[in-house]
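The values are calculated or read from the model by the stated rules, or taken from the named source; none is laboratory data. Small disclaimer: the values here were computed from a predicted structure and weren't measured. Note that each Cβ is placed from the backbone with ideal geometry, even for glycine, and that neighbours are counted across all protein chains shown.
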Amino acid sequence: MELHLHIEGDKDLAEQLYSQLHAAVSSGRLAQGQQLPPSRLLAQQLGISRKPVAMAYSRLTSDGLLQAHTGRGTFVGAPGTSASRPLQSADLASGATLKKWLDFDTPFRQKLALARSQYEFSGGTPAPAHFPQDEWRRCILYGLRQDGLRRGRYASTGGEPALREAIARHAAYARGLVCEPGHVVVTNGAQQSLDLLGRILLEPGDVAAVEDPGYPIARALFKSHGARIASVPVDREGMVPEQIPDNARLIYVTPAHQFPLGMQMSPARKAALLARALEIGAIIIEDDYDSEFRYEGRPAESLQSLDRHGIVVFMGSLSKVMLPELRIGYVVLPEALLQPFMIAKHLTDWHTASMTQLALAKFIDEGCLARHIRRGHAIYTSRRDELLLGLSTMLAPWLEPVPSSAGFHMAAFARRQTDLPVLLRLARRAGVGLYTLDGFYAEVKPRAGLFFGFGSIDTLDIAPALTIVRDVLQQVDPSSKSGHP
């Protein structure tokens, strides 16, 4: 890689080099500790003699901006005091459009910026300490070897055939899906799946029906495509189909484990939702983000397995099951959406990283994913039971848990009026990270309550954390010390 320098003519070459390198170091363009090319190589790259390069290096070394190490080379030293050239703000024609992006709700990005507490109840995070690193490392090495055999070539937009087949088998076994590998498309996490679905289904002004309370990112993504959001309330059976407007093009739901409240959509409600979507010609996006972990009752049928008219898109996330940094999601598409989705993905990023896909295919095929889910199920069961015990005993005067039979988060409604912002602030000072439900509501009046993720907190830490929460609640609500709601 060549160092970018601009030489004009053949006069004062050493001065030109000195000035440009001095400015690059002072402005930070060349970072402290960065190695510069040997003087002979730089002279060759610039098409000049070595002498002016050596002279410039010598002056910069005397100034303390470069450091020469015998046998190692020349490196950037501490930057000078000169400030970088200030930029004058241009009057951009796209200024108003850019400003609109600042209005989008991205609450999870703000939460990620918070320092993690000693006891953390954040949601959407699996248990990283129990991930089978050795098995995954072996699969990654396999993926590297396989990827190396065809280095320099782009892969299939829909995903590696081996992974599409593995996902189709996994989804059929775990969720009862009826699908062929050719209808599975691998994406960079569930976020990209939502974005691409919005691209192909929505025009500016179209209506997207979204659960309220619901997933804020889905709402913001569809809005970014120019959609008008119809907030559809949920009850104990899930989204209320009668509240979906006639002009909705898209319906976004989380039927297996409603986000964020956690209830499961009833069979009667699923049938009504499918009928309503068919009546108005809408596509249903079924976000099945964490239903691999189920604790009570029989596995519920997915909407996709009940669909007889090709109106349901099943969306899954292996990042939630494994590690969020993997960024691997997938969709199972009906025939009408398959090619438009593939074209949209090709235009966006061509394809998802093939090495990770090949590793994941082997991870699934060798049974590593199934074993990991079984281990995770035992871990999350103990954490869920411990959380439920604490909510139903020491926190019972203040909180009522919402019935939930899947995933690794739980919601609890407030039984009495409590200053929740003060609770969150005091709990964080005491080492407990808590989160309220109000940020998940849009137009429906929020119900006061807390969101408990138990993927990133150990079982033995839950009782001490809830004890701290109880003590803080007694400070915030002194009248509750009697223990009666």
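Listing for the model above:
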| item | result |
| --- | --- |
| Unmet criterion (only one of (1) modelled with pLDDT under 95; (2) touching a Pro at 6+ places or on another chain (Cβ under 8 Å)) for residue 257 | (2) |
| Among the residues listed as 253, 232, 240, 186, the single one being of a type in the set (A, V, I, L, M) and in contact with a Gly (Cβ under 6 Å, 6 or more places away or on another chain) | 186 |
| Residue among 116, 137, 153 that alone is loosely packed, with under 13 Cβ neighbours inside 10 Å and modelled with pLDDT of 85 or more | 137 |
| Residue within segment 222-230 that is closer than 18 Å to residue 302 by Cα and either in contact with a helix residue (DSSP H, G or I) (Cβ under 8 Å, 6 or more places away or on another chain) or free of Cβ contacts under 8 Å to residues at least 40 places away in the same chain (or both) present | no |
| Which numbered condition residue 202 fails, given (1) touching a strand residue (DSSP E or B) at 6+ places or on another chain (Cβ under 9 Å); (2) closer than 22 Å to residue 373 by Cα | (2) |
| Condition check for residue 101: of a type in the set (Phe, Trp, Tyr), surrounded by fewer than 13 Cβ atoms within 10 Å (Cβ to Cβ) and at pLDDT 85 or above | yes |
| Residue 328 being free of Cβ contacts under 8 Å to residues at least 40 places away in the same chain, among the hydrophobic types (A, V, I, L, M, F, W, C) and buried (at least 21 other Cβ atoms within 10 Å of the Cβ) | no |
| Residues within segment 330-360 that are hydrophobic (A, V, I, L, M, F, W, C) and either within 15 Å of residue 182 (Cα to Cα) or touching a Ser or Thr at 6+ places or on another chain (Cβ under 7 Å) (or both), tallied | 10 |
| Number of the condition not met by residue 29 [criteria: (1) under 43 Å from the mean Cα position of the chain (by Cα); (2) outside the structural domain of residue 71 (by TED's automatic domain parsing); (3) charged (D, E, K, R)] | (2) |
| Count of segment 11-37 residues which are in a helix (DSSP H, G or I), modelled with pLDDT of 90 or more and surrounded by fewer than 15 Cβ atoms within 10 Å (Cβ to Cβ) | 2 |
| Scope segment 287-303; condition buried (at least 23 other Cβ atoms within 10 Å of the Cβ) and modelled with pLDDT of 85 or more; matching residues | 287, 288, 302, 303 |
| Enumeration of residues in segment 232-242 that are outside any loop (DSSP other than H, G, I, E, B), surrounded by fewer than 17 Cβ atoms within 10 Å (Cβ to Cβ) and touching a residue at least 12 places away in the same chain (Cβ under 8 Å) | 233, 242 |
| Condition met for residue 214 (within 20 Å of the chain's Cα centre (by Cα), at positive phi and part of a loop (DSSP other than H, G, I, E, B)) | no |
| From 219, 169, 150, 175, residue being over 21 Å from the mean Cα position of the chain (by Cα), basic (Lys, Arg) and over 23 Å from residue 370 (Cβ atoms) | 150 |
| Residue that is closer than 30 Å to residue 375 by Cβ and at pLDDT 95 or above, where the choices are 403, 464 | 464 |
| Among the candidates 97, 61, 70, 74, residue that is under 30 Å from residue 220 (Cβ atoms) and either free of Cβ contacts under 8 Å to residues at least 24 places away in the same chain or touching a helix residue (DSSP H, G or I) at 6+ places or on another chain (Cβ under 7 Å) (or both) | 97 |
